[in-house]
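So the structure is just underneath, and the comments pick up after that.
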Amino acid sequence: MSPDQIIVTVSGLLLSVFIAWFFWLAPKGKARAALGASGVQEVAITVKGGYSPDIIVVKAGQPVRLTFTRQESASCSEQVIFSDFGKSAALPEGEPVSLEFTPEAPGEYDFHCQMGMLRGKLVVEG
């Protein structure tokens, strides 16, 4: 292989690793839910190239309200799904959408877009 081919090959591999890290491995932030006046744990989540924050910490047995605001037009981010709780919501661009549920059991629960490319985690503490 010529030096040019080696440089292109190595650059392509590095770019592939960066893309995998950016979309699937890089944390976007962690937030602990704030207890609102109504006794509901609340977190606002921005959807733009991922979920921010993408790790949300809540307490078990208390109602949770997650408000998603989508700030992009990518079709992948049109929906958020919480499979473990049987909850999902359509996310129109620029409009806040709230999902409410009560996680009963401590543990870590994934949430994602309909294509599985955008991912987050709900950490429920006892």
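In the stretch 28-125, the DSSP beta bridges split such that about 55 percent are antiparallel, to the nearest 5.
Using a 7 Å offset from Cα along Cα-Cβ at Lys48, what residues in the stretch 100-126 end up with backbone N under 18 Å from the label point? Under cut-off, by backbone N: 118-119.
Here the 3J(HN,Hα) profile of the stretch 116-125, calculated from phi with Karplus coefficients 6.51, -1.76 and 1.60 at θ = phi - 60°, is x, 8, 9, 9, x, 9, 9, 9, 9, 9 Hz, Gly and Pro shown as x. Around the amide H of Gly29, modelled in the peptide plane, lie the amide H atoms of Asp54, Ile55, all under 5 Å away and 5 or more residues distant in sequence or on another chain. Mean separation of Cα pairs under 8 Å and 6 or more residues apart, divided by the residue count, gives the chain a relative contact order of 23 percent. Over the stretch 1-123, the alpha carbon radius of gyration divided by the compact-protein estimate 2.2 N^0.38 Å works out to 1.29. Per residue of the chain, the DSSP helices (runs of n ≥ 4 H) give a summed -39500 (n - 2.57) that works out to -5000 deg cm²/dmol at 222 nm.
Quick note: the coordinates plus some simple rules give every number you see, no bench work behind them. Quick caveat: nothing in here was measured; it's all calculated off a predicted structure. As a convention, Cβ positions derive from the backbone with ideal geometry for all residues, glycine included, and neighbour counts pool all protein chains shown.
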